[in-house]
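Here's the structure, in structure tokens; my notes come after.
The values are calculated or read from the model by the stated rules, or taken from the named source; none is laboratory data. Everything numeric here is computed off the predicted structure, so don't read it as measured data. Cβ coordinates were reconstructed from backbone atoms using ideal geometry, including for glycine residues, and neighbour counts include every protein chain displayed.
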Amino acid sequence: MKPFDSWSGGEPPSGWFSLPMSQESVDFYDENGFIVIEDCFSAAEVDSYLSEASAICQGRYGPIPGSVPVPGESEHEALARHLCIHMPNKVSTAMQQQSVHPNIADVLTKLIGPNVKCMQSMLFIKASGKPGQAWHQDEAYIPTRDRSLTGCWLALDDATVENGCLWVIPGSHKRGVLWPMKFHADERFDCAHESYRTPYQDEDAVPVEVKTGSLVIFNGYLLHRSLPNRSPEAFRRSLVTHYMSAESLLPWMPPQPGQSMALRDVRDVWMLAGEDPYAWKGTEEIHSVHLRSDGKAGCENWT
Ligand SMILES: O=C(O)CCC(=O)C(=O)O
């Protein structure tokens with residue numbers, strides 16, 4: 001399998017991959033840090049997640065802190081008020097079930113190992129004019145210790161360069177280096193911080209244009225970003241879930257006083273596949289559904 005940048009013709013690959021996972025797709029992932037599985041979810045499944053997205057944005061599953069419903073607003077207007085909702089699985093049974101879908105299990109048990117747990121979901125609505133997210137590595141947000149963090153990005157609409165698809169730097173996961181992050185003032189991007197001091201240029205990136213129902217799978221060390229939605233009216237909706245090996249502890253938050261940093265293990269997790277070697281610890285409900293800011297308010301510098 002050749003690395004992405006040695007494909008001839010300068011065109012993005014047209015075929016991507018499909019289920020069941022082939023050795024070729026595993027090799028492509030190892031080399032490039034991402035793969036696309038086309039038709040991973042059916043049209044009916046995608047429609048059900050879109051209905052759930054509307055219900056969540058309209059407040060039909062209860063209030064989302066920071067989201068204020070406008071009396072009489074249309075479904076379109078309710079959606080358009082939101083850039084990204086974190087942890088929609090905490091209020092939507094369908095989205096919780098999506099996070100443990102057998103097709104995701106089929107893919108991730110081949111990429112991560114037999115025992116895989118999930119710790120996060122995010123629903124991007126990204127209406128026309130809404131910003132993208134600057135260059136980053138997901139591992140800088142979710143530390144997994146063994147570098148097993150893997151993102152699964154499900155396209156609920158066709159994702160194009162115009163409406164703000166993902167861009168990735170193929171192979172940027174391979175060094176295993178976590179680059180520093182800082183606040184940025186770039187209006188193209190939301191509040192999330194930006195990786196810097198990396199050895200890569202914007203020109204090294206490729207767009208990941210995918211059809212509805214495709215799943216983009218990417219390594220937690222892969223540098224990726226998205227640009228604003230420049231289409232006149234289309235949404236660019238996606239459902240993103242994050243996974244890691246169940247053997248690895250998840251030090252996502254600082255330890256309590258008296259707790260060891262080395263043994264810190266956030267247990268707001270659920271199993272995708274296999275066995276949880278730490279099942280004896282039980283699980284906890286820490287996170288709840290919440291909004292991501294689409295502006296710069298509250299952003300601070302950190303490295
Ligand atoms: O979908 C986007 O616009 C950004 C998603 C992303 O960067 C992520 O899920 O880590």
Item to check | Leading residue by the ranking (nearest to residue 220 (Cα to Cα)) among those in segment 106-132 that are more than 16 Å from the ligand (Cβ to nearest atom) and among the charged types (D, E, K, R) | outcome: 117
Item to check | Conditions (1) over 15 Å from the mean Cα position of the chain (by Cα); (2) crowded, with 19+ Cβ neighbours inside 10 Å; (3) within 28 Å of residue 286 (Cβ to Cβ); (4) not small (Gly, Ala, Ser): number failed by residue 254 | outcome: (2)
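Among 236, 197, which is the only one that is closer than 26 Å to residue 95 by Cβ, in contact (Cβ under 8 Å) with a residue 12 or more places away in the chain and part of a loop (DSSP other than H, G, I, E, B)?
Numbers: 197 fails: closer than 26 Å to residue 95 by Cβ.
Going through 236, 197 in turn, just one is closer than 26 Å to residue 95 by Cβ, in contact (Cβ under 8 Å) with a residue 12 or more places away in the chain and part of a loop (DSSP other than H, G, I, E, B): 236.
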Checklist outcome for this item: Expected output for segment 145-174 (first residue within 11 Å of the ligand (Cβ to nearest atom) and modelled with pLDDT of 95 or more, partner acidic (Asp, Glu) and outside any loop (DSSP other than H, G, I, E, B), Cβ below 8 Å, 6+ apart or cross-chain) is 149/138; 149/139; 151/138
Next on the checklist: Please count how many residues of segment 61-77 are assigned to a loop (DSSP other than H, G, I, E, B), out of contact with any helix residue (DSSP H, G or I) (no Cβ under 8 Å at 6 or more places or on another chain) and not hydrophobic (A, V, I, L, M, F, W, C).
Outcome noted: 8
Checklist entry - Taking segment 213-251 as the search range and keeping residues that are over 12 Å from the mean Cα position of the chain (by Cα), hydroxyl-bearing (Ser, Thr, Tyr) and within 30 Å of residue 27 (Cα to Cα), which one is surrounded by the most Cβ atoms within 10 Å (Cβ to Cβ)? => result 214
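Taking the options 206, 216, 266, 240, name whichever one is within 17 Å of residue 35 (Cα to Cα) and more than 14 Å from the ligand (Cβ to nearest atom). Can you show your working first?
On the way: 216 fails: more than 14 Å from the ligand (Cβ to nearest atom); 266 fails: within 17 Å of residue 35 (Cα to Cα); 240 fails: more than 14 Å from the ligand (Cβ to nearest atom).
Testing whether each residue is within 17 Å of residue 35 (Cα to Cα) and more than 14 Å from the ligand (Cβ to nearest atom) leaves just 206.
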